[in-house]
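**Q** Attaching a single structure in structure tokens format; questions to follow.
The values are calculated or read from the model by the stated rules, or taken from the named source; none is laboratory data. Predicted model only: the values in this text are computed from it and were never measured. Using ideal geometry, Cβ is built from the backbone for each residue, glycine included, and neighbour counts are taken over all protein chains shown. What goes into the accessible areas is simple: the full protein's heavy atoms, side chains included, and nothing from ligands, DNA or RNA. Shrake-Rupley method; radii C 1.70, N 1.55, O 1.52, S 1.80 Å.
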Number of protein chains: 2
Amino acid sequence: MSSNQRKATAEVLEPAPQAENIVNGVNVTALFQTVEAVKVNPVIAKFRFNVKNKWLDGAHSRSTINGFHGAMQDIERSRSFQLDADEHPILLGRDQGPNAGEYLLQALAACVTSTLIYHAAARGIVIEEVESKVEGDIDLRGFLGTDKSVRNGFQNIRMSFDISADLSDQEFEELAKLGPTFSPVLDSLTSPCHGSGATHEKEIMRGALKLLVDRQAMNAEGVLQHVSCRQEIRNKHN
Amino acid sequence: MSSNQRKATAEVLEPAPQAENIVNGVNVTALFQTVEAVKVNPVIAKFRFNVKNKWLDGAHSRSTINGFHGAMQDIERSRSFQLDADEHPILLGRDQGPNAGEYLLQALAACVTSTLIYHAAARGIVIEEVESKVEGDIDLRGFLGTDKSVRNGFQNIRMSFDISADLSDQEFEELAKLGPTFSPVLDSLTSPCHGSGATHEKEIMRGALKLLVDRQAMNAEGVLQHVSCRQEIRNKHN
């Protein structure tokens, strides 16, 4: 029985349905219903998100974000979000938006925060305030290609969180682990790799490049997982 | 003679200084000056970006992005950028912004696009259009903690690019490699790991948790690099 059906039944059977339990702004009643539904039918938990990006000029591009797939359906939002990226003039842009690295840090800050909030809510822990700063160090010699020993990406990312909650020290320690333990973006950036390392496949077709970078990675429990970044590039002229 | 010297000389010798070379909206004259300056003094290439995030309610948080460090100076923008993150109601949010995973995909789309544009500009390749779609698959059983064998993060990320440029097929193949080859965000997400794997250190203090996740990774050239995600969490009550 879906939650909608259950709700409809409840409305018929009970004139005053049970109050929903809201903690930290999260509907914990619905959260537990979701967890139970996923245990019965795991495919409900499979989501696919996307962004569509259009280059405008120089470093300036604009992404549109709306539809996604999840809970066994294609979902359209009532409105689209637009995100502009650019570089500061010191990096030869016109500062029409944060740069791509800052978007990465934003993803991490938002993810660890909401993960902390949801998992605290599920445990009945009331959070008063969360503020965080996420910063990343990068050496642009990688990007510029002037020194091949320098990696392109962030060399260090630091997160610091200030959290207010009425808890004992021990409870607070448990709370502080929730964000890092369950955050999807933190995992996407830090999941440790063991074993066979990287395999690269490259398939070049007429006027197009397909680049497939696969890596085998184990998660914290030692289960082999598949992480891939697949890229398809087409020449519009062909 | 450095380009700065050349420019200074030109200004003395010629009342009308040489026009700057702009390709794809990128000032290639300034780009080459930057590359030359970095070769002389590599510390110019060290940048540090940051976001400051504040939790609002439920999955809704807001990041402020402004200052950063780079080119040996602390830089403040003339205006701050604000980015709201939230979840769609199906994930128990109020849809006040893209979610954290979508921000991650945005970071990747924007980064590969601007990297392609800059490196094409440096090679004198005029790009007419770039459009891309970046999508990521995630199984939320990881986030929910209902199945520990499921990773928290994205399982697959696919990028597809449509690029218009007046090039031969071979030139186009070379062009298509530029984004993935030099993109900082792509590298942050996919850099293959070899060697000693992950080390974890944890230092628990009174009312606070310091979590340090370090990993040793080698880059594509086999040079040992240091990638760390350092987290400090403080209880505002203490």
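**Q** What does the C-alpha gyration tensor say about the overall shape of the stretch B:16-60? Classify as rounded when a/c is under 1.5, otherwise prolate if a/b is larger than b/c, or oblate.
**A** Working: a/c = 4.96, a/b = 2.06, b/c = 2.40.
Because a/c hits 1.5 or more and a/b fails to exceed b/c, the stretch B:16-60 counts as oblate.
**Q** Residues with amide H under 5 Å of residue A:26's amide H, sequence separation 5 or more or different chain, H placed in the peptide plane at 1.01 Å from N; which?
**A** Placed amide hydrogens put B:58 under 5 Å from residue A:26.
**Q** What percent does the relative contact order of the stretch B:67-180 come to when contacts are Cα pairs within less than 8 Å and at least six residues apart? Could the numbers behind the result be given before it?
**A** On the way: 133 pairs, mean separation 23.7, N = 114.
After rounding, I find 21 percent.
**Q** For the stretch A:27-87, what's the relative contact order in percent, using C-alpha pairs closer than 8 Å and at least 6 residues apart? It would help to have the intermediate numbers written out before the result.
**A** Details: 80 pairs, mean separation 17.0, N = 61.
28 percent.
**Q** Then there is this: Students often get this wrong, so check it: of A:39/A:177; A:52/B:177; A:46/A:177; A:133/B:177; B:54/B:133, which have C-alpha atoms separated by over 31 Å?
**A** A:133/B:177
**Q** On to the next question. Taking R0 as 51 Å, what FRET efficiency do you get between residue B:19 and residue A:129 from their Cβ-Cβ distance, rounded to the nearest 0.05?
**A** On the way: r = 54 Å, r/R0 = 1.05.
Here the calculated transfer efficiency is 0.45.
**Q** Total accessible area buried between chains A and B, 1.4 Å probe, in Å² to the nearest 100? Could you put the intermediate results ahead of the total?
**A** Values: alone 17610 and 17510 Å², together 21220 Å².
Protein heavy atoms only, the A-B interface buries about 13900 Å².
**Q** Also, quick follow-up: Could you compute how much accessible surface residue A:127 exposes when probed at 1.4 Å, giving the result in Å² to the nearest 10?
**A** Approximately 10 Å² of residue A:127 is accessible to the 1.4 Å probe.
**Q** When each copy gets a label point 7 Å from Cα toward the beta-carbon at residue A:80, what are the spacings between them in nm, shortest first?
**A** Counterpart label points of residue A:80 in the remaining copies fall at 2.9 nm.
**Q** A follow-up question, please. Place the label 7 angstrom along Cα→C-beta at residue A:156 and in each other copy, then list the distances from the first to the rest in nm, shortest first.
**A** Computed spacing set for this position: 3.7 nm.
**Q** Right, next: Can you give me the solvent accessible area of residue B:32 with a 1.4 Å probe, rounded to the nearest 10 Å²?
**A** 100
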